[in-house]
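The values are calculated or read from the model by the stated rules, or taken from the named source; none is laboratory data. Computed from a predicted structure; not experimentally measured. Here the Cβ positions follow ideal geometry from the backbone for every residue, glycine too, while neighbour counts run over all protein chains shown. Accessible surface is based on the protein model in full, side chains and every heavy atom, while ligands, DNA and RNA are left aside. Shrake-Rupley method; radii C 1.70, N 1.55, O 1.52, S 1.80 Å.
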Amino acid sequence: MERLIYWGTEADEKFSRLLYDKNKYQTACQWIEWLIHGFPWFIFSTLALIISYGKNFDAMTQYGFVILNIGLYMDLILVAIIKFYIHRNRPLKTYLKYMEHTVDIYSFPSGHCSRAAMIVVMFYNYHPLLAIPFIPLPFIVGLSRVALGRHYITDVLAGVLFGFLEGRLMLTIPYGVNNVIRELLK
């Protein structure tokens with residue numbers, strides 16, 4: 001497994017360093033980082049779920065919020081398990097500065113990218129035309145993560161692939177889960 005992850009270490013480090021060194025958009029990258037960060041998504045999606053049941057939104061909207069919440073929490077757990085199993089260190093250039101603000105010390109795969117890809121896949125399933133402008137989002141998030149020095153390119157590519165698979169998996173959750181959640185929230 002280790003060999004699979006480090007298959008292109010030299011190229012990975014070279015291109016990651018190039019993006020980091022040429023980054024003229026530090027502030028924009030940090031905004032992207034926080035907009036797709038898990039914490040706001042967990043809070044707002046949970047509130048949206050509770051409100052959708054409390055205000056009797058249509059069943060399809062409620063179902064969408066249910067699978068979004070399940071997906072977000074599943075993503076958090078699975079990415080953490082993979083990171084602690086793989087143990088790939090973050091790029092050294094930002095290690096000390098970044099580690100002051102996080103408990104997430106490993107880089108493979110990128111949770112930001114997996115989250116962005118999963119959300120885009122799910123959004124595309126419900127509103128294909130509205131979702132088209134958001135299709136590049138996981139790659140934009142990935143570029144910003146590399147440009148900030150938080151990840152290597154292979155971390156973000158793996159995150160995008162993982163998020164795509166998670167999104168497709170979330171769309172297989174049966175519609176009847178609405179009844180279970182409705183009973184829990186009574």
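Restricting attention to the range 102-117, and to residues there that are surrounded by fewer than 22 Cβ atoms within 10 Å (Cβ to Cβ) and among the hydroxyl-bearing types (Ser, Thr, Tyr), which single residue is modelled with the lowest pLDDT?
Result: THR102.
Matching residues to (1) in contact (Cβ under 8 Å) with a residue 12 or more places away in the chain; (2) open to solvent by less than 80 Å² (accessible area, probe 1.4 Å); (3) touching a strand residue (DSSP E or B) at 6+ places or on another chain (Cβ under 7 Å); (4) more than 15 Å from GLY64 (Cβ to Cβ):
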site: ALA147; (1), (2), (3), (4): yes, yes, no, yes
site: ARG150; (1), (2), (3), (4): yes, yes, no, yes
site: THR154; (1), (2), (3), (4): yes, yes, no, yes
site: GLY167; (1), (2), (3), (4): yes, yes, no, no
site: TYR175; (1), (2), (3), (4): yes, no, no, no
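Scan the range 29-54 for residues that are surrounded by 14 or more Cβ atoms within 10 Å (Cβ to Cβ) and at pLDDT below 80 and report the count.
Final tally of qualifying residues: 7.
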